[in-house]
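Student: Quick one: this structure, given as structure tokens, is what I'll be asking you about.
The values are calculated or read from the model by the stated rules, or taken from the named source; none is laboratory data. As the structure is a computational prediction, the values presented were derived from the model and not from experiment. Virtual Cβ from ideal backbone geometry, glycine too; neighbours counted across all protein chains shown. For accessibility, only protein heavy atoms count, side chains too; no ligands or nucleic acids. Shrake-Rupley method; radii C 1.70, N 1.55, O 1.52, S 1.80 Å.
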Amino acid sequence: MTQQIATATDGRQPQEVASDVSTGETESADASVRATCPECSGRIVHDAEHGERACAECGLVLDDDELDYGPEWRAGDDEDADERRRVGAPLTERRHDRGLSTTIGWQNKDAYGNELSARKRSQLRRLRTWNERFTAKTAQERNLKHAFGELERMASALDLPEPCRETAAVLYRRAVDEELLPGRSIEAMATACLYAAARQHGTPRTWPTFESVSRVEIARVQRAYRYLSRELGLEIAPADPLQYLGQFASALSISDEAEHVAREILETAKEAGIHVGKSPAGLAASAIYAAARLTNEHVTQKTIDEQTGVSEFTIRNRYQELLDAYGPHAEC
């Protein structure tokens with residue numbers, strides 16, 4: 001009975017099992033010994049820069065000349081690093097295949113920068129055509145490819161940051177997965193996703209600004225945005241008027257002093273609760289007009305209308321109210 005119990009389930013003899021157990025105990029003991037310094041029992045740290053393992057207390061070097069898996073080159077700036085880097089781009093949601101496919105460049109040059117012959121150029125043109133076909137074989141992939149192209153075009157025109165573009169691509173993928181696209185324009189849904197992403201990242205743009213870069217009417221984009229927000233359960237807080245101030249000030253080329261006064265006007269209005277129920281973009285444009293009057297800068301309501309998309313009627317209705325809230329500093 002004792003012999004049967006001691007025999008391992010895989011048919012090995014008890015002596016073999018005991019040998020394995022002792023070997024495992026020895027390895028664990030060696031690992032614990034290596035984790036401490038043999039001289040002072042101090043903590044062992046790894047220095048990746050010099051490829052060494054040394055004691056943090058006494059400085060005893062245990063291992064050196066470790067393999068460095070990093071790049072063998074050095075770069076002075078990001079542009080130089082991009083030129084020297086020989087690996088592919090990171091995964092991104094802004095590509096229909098998440099950046100896993102191969103892209104054939106448009107330059108008709110070889111690795112040494114020499115121009116290709118007419119025969120090679122013709123061959124490359126055919127390869128590009130087939131590469132485009134194979135990287136987007138299904139209808140869904142072609143849909144994503146077209147939509148992400150529109151997202152990149154509009155985001156570049158609006159100068160939106162990279163995280164905002166990634167979020168817009170994620171929202172569009174969710175819309176495709178939830179089957180929200182049938183019966184709706186790809187361009188309208190892509191614009192709606194970009195608008196929502198800009199709001200989420202605190203870099204909102206006005207509807208007239210999106211209308212200037214979108215290929216569809218703004219009314220269709222607004223309907224798509226409301227539908228997208230409802231179906232995906234997007235919880236987007238109302239925009240802060242201060243989020244529009246920087247971009248409006250840059251577009252109007254006002255002075256730093258005027259921008260500072262406009263910021264104070266908006267902060268005072270928020271403390272008084274005047275911003276509730278009103279257009280954030282309208283308040284920001286009106287604050288700039290009020291600040292320009294306070295600092296004796298010549299900025300007309302028509303100029304603000306043309307540059308920001310906020311109507312003159314809105315500015316006239318809001319700026320005096322903002323000045324009244326600003327209090328004794330508002331002396332026009």
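Student: Yes or no: the range 133-141 includes at least one residue that is open to solvent by 40 Å² or more (accessible area, probe 1.4 Å), free of Cβ contacts under 8 Å to residues at least 24 places away in the same chain, part of a loop (DSSP other than H, G, I, E, B) and among the β-branched types (V, I, T).
Tutor: Among the residues of the range 133-141, at least one is open to solvent by 40 Å² or more (accessible area, probe 1.4 Å), free of Cβ contacts under 8 Å to residues at least 24 places away in the same chain, part of a loop (DSSP other than H, G, I, E, B) and among the β-branched types (V, I, T), which makes the answer yes.
Student: May I ask you to say which residue of K278, K270 is under 15 Å from T206 (Cβ atoms) and modelled with pLDDT under 90?
Tutor: On the way: K270 fails: under 15 Å from T206 (Cβ atoms).
Of K278, K270, the one residue that is under 15 Å from T206 (Cβ atoms) and modelled with pLDDT under 90 is K278.
Student: Same structure again: In the range 213-256, how many residues are polar (S, T, N, Q) and in contact (Cβ under 8 Å) with a residue 60 or more places away in the chain? Talk me through it step by step, then tell me what you get.
Tutor: Step one: of the range 213-256, the residues polar (S, T, N, Q) are 214, 222, 229, 243, 247, 250, 253, 255.
Okay, now just the ones that are also in contact (Cβ under 8 Å) with a residue 60 or more places away in the chain, so 214.
Total meeting the criteria: 1.
Student: Select from the range 45-59 the residues that are assigned to a loop (DSSP other than H, G, I, E, B) and either open to solvent by 60 Å² or more (accessible area, probe 1.4 Å) or in contact with a Leu (Cβ under 6 Å, 6 or more places away or on another chain) (or both) and list them in ascending order.
Tutor: A48, E49, H50, E57, C58
Student: In a helix (DSSP H, G or I), touching a residue at least 12 places away in the same chain (Cβ under 8 Å), open to solvent by 70 Å² or more (accessible area, probe 1.4 Å) and out of contact with any Pro (no Cβ under 8 Å at 6 or more places or on another chain): is that true of R125 in this structure? Write out each step before concluding.
Tutor: Values: in a helix (DSSP H, G or I): yes; touching a residue at least 12 places away in the same chain (Cβ under 8 Å): no; open to solvent by 70 Å² or more (accessible area, probe 1.4 Å): yes; out of contact with any Pro (no Cβ under 8 Å at 6 or more places or on another chain): yes.
The answer is no for R125.
Student: Consider E259 carefully, then state whether it is assigned by the TED database to the domain that holds S286, farther than 21 Å from R173 by Cα and open to solvent by 70 Å² or more (accessible area, probe 1.4 Å). If you could, list the steps in order and put the result at the bottom.
Tutor: Working: assigned by the TED database to the domain that holds S286: yes; farther than 21 Å from R173 by Cα: yes; open to solvent by 70 Å² or more (accessible area, probe 1.4 Å): no.
For E259, the condition - assigned by the TED database to the domain that holds S286, farther than 21 Å from R173 by Cα and open to solvent by 70 Å² or more (accessible area, probe 1.4 Å) - is not met.
Student: Would the range 218-233 turn up any residue that is surrounded by 16 or more Cβ atoms within 10 Å (Cβ to Cβ) and part of a loop (DSSP other than H, G, I, E, B)?
Tutor: no
Student: Hey, another quick one. Do we have any residue at all in the range 257-278 that's farther than 18 Å from L242 by Cα and free of Cβ contacts under 8 Å to residues at least 12 places away in the same chain?
Tutor: Step one: of the range 257-278, the residues farther than 18 Å from L242 by Cα are none.
Among the residues of the range 257-278, not one is farther than 18 Å from L242 by Cα and free of Cβ contacts under 8 Å to residues at least 12 places away in the same chain, which makes the answer no.
Student: Which one is most open to solvent (accessible area, probe 1.4 Å) among residues in the range 150-163 that are assigned to a helix (DSSP H, G or I) and either within 18 Å of L91 (Cβ to Cβ) or of a type in the set (D, E) (or both)?
Tutor: From the range 150-163, those assigned to a helix (DSSP H, G or I) are 150-158, 162-163; that's our starting set.
Pick out the ones that are also either within 18 Å of L91 (Cβ to Cβ) or of a type in the set (D, E) (or both) and you get 150-152, 162-163.
Details: E150: 16, L151: 10, E152: 51, E162: 93, P163: 72 Å².
Here the answer is E162.
Student: Would you check which residues across the range 297-332 are under 21 Å from Q247 (Cα atoms), outside any helix (DSSP H, G or I) and open to solvent by 60 Å² or more (accessible area, probe 1.4 Å) and list them?
Tutor: Within the range 297-332, just H298 meets the criteria.
Student: Evaluate the range 169-190: report whether one residue or more is surrounded by 14 or more Cβ atoms within 10 Å (Cβ to Cβ) and touching a Pro at 6+ places or on another chain (Cβ under 8 Å).
Tutor: no
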